[in-house]
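The values are calculated or read from the model by the stated rules, or taken from the named source; none is laboratory data. Keep in mind it's a predicted model, so treat the numbers as computed, not measured. Using ideal geometry, Cβ is built from the backbone for each residue, glycine included, and neighbour counts are taken over all protein chains shown. All accessible areas refer to the heavy atoms of the entire protein, side chains included, with ligands and DNA or RNA removed. Shrake-Rupley method; radii C 1.70, N 1.55, O 1.52, S 1.80 Å.
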Amino acid sequence: GHSSWIVNDGGIYCSGSGSCGQLGSGNGNDQLSPRQMKFKEDDNEENGKKEAVYVSCGEEFTLVITSTRKVYACGLNLMSQLGLSNNYKNEDKLCNVKELNGKGIEVLQCSQSTIFGLSNDGGVYMWGMPFDLPSQTESSLEVLETANDSKKDSDQSLNVNYNAGVIQPQRFISVLKK
């Protein structure tokens, strides 16, 4: 496992297992002592400094929200849990989840391979793989729709593709507002 936290100046520190890049250190090494997470150089914010306001750890991945409400991710991406368009490639530095830019994400909740993000306008976004959702959550899947298909009624169920018993990733699924 691994742990992460934010310090007073907005820096993010991690320690623990780093085998999939979840520590954001630029390598896959374990770290017994806390080290500051690194951002990919091509993900510069407008002011040049990224100040973290929220961090959440999943199983072998980490997600961060900055003060500009941009979401960054690193670590295991086998189930699209990083939300990146990189063909399931693991990342060892924090990368901007560009599809969430401008969505105003304020809170993230990571589980084993599923992530929920709450936006400042009350929207909820889900990505990754829903294998690890608790059984009491299964009924709530009926109110999910893909973010690009907002014309569906809220009563319609999420269409999930099955292939040999494996749910195919459907990234950036948006929960309908009440």
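The table below gives the values:
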| read-out | value |
| --- | --- |
| Positions within region 11-31 being of a type in the set (A, V, I, L, M) and assigned to a loop (DSSP other than H, G, I, E, B), in sequence order | LEU23 |
| Pick from region 125-154, criterion in a loop (DSSP other than H, G, I, E, B) and either within 22 Å of TYR88 (Cα to Cα) or open to solvent by less than 40 Å² (accessible area, probe 1.4 Å) (or both), ranking: modelled with the highest pLDDT | MET129 |
| Selected residue [of a type in the set (Gly, Ala, Ser), at pLDDT 90 or above and under 20 Å from GLY128 (Cβ atoms)] from GLY10, GLY58 | GLY58 |
| Options GLY104, GLY83, GLY28: the member that is open to solvent by less than 20 Å² (accessible area, probe 1.4 Å), touching a residue at least 40 places away in the same chain (Cβ under 8 Å) and of a type in the set (Gly, Ala, Ser) | GLY83 |
| Test: GLU51 is surrounded by fewer than 16 Cβ atoms within 10 Å (Cβ to Cβ), of a type in the set (Asp, Glu) and on the phi < 0 side of the Ramachandran plot | yes |
| All positions within region 81-124 that are under 18 Å from GLU41 (Cα atoms) and outside any loop (DSSP other than H, G, I, E, B) | GLU91, ASP92, LYS93, LEU94, CYS95, ASN96, LYS98 |
| Any hit, region 57-75, residues being open to solvent by 10 Å² or more (accessible area, probe 1.4 Å), over 19 Å from SER15 (Cα atoms), within 10 Å of the chain's Cα centre (by Cα) and among the aliphatic types (A, V, I, L, M) | no |
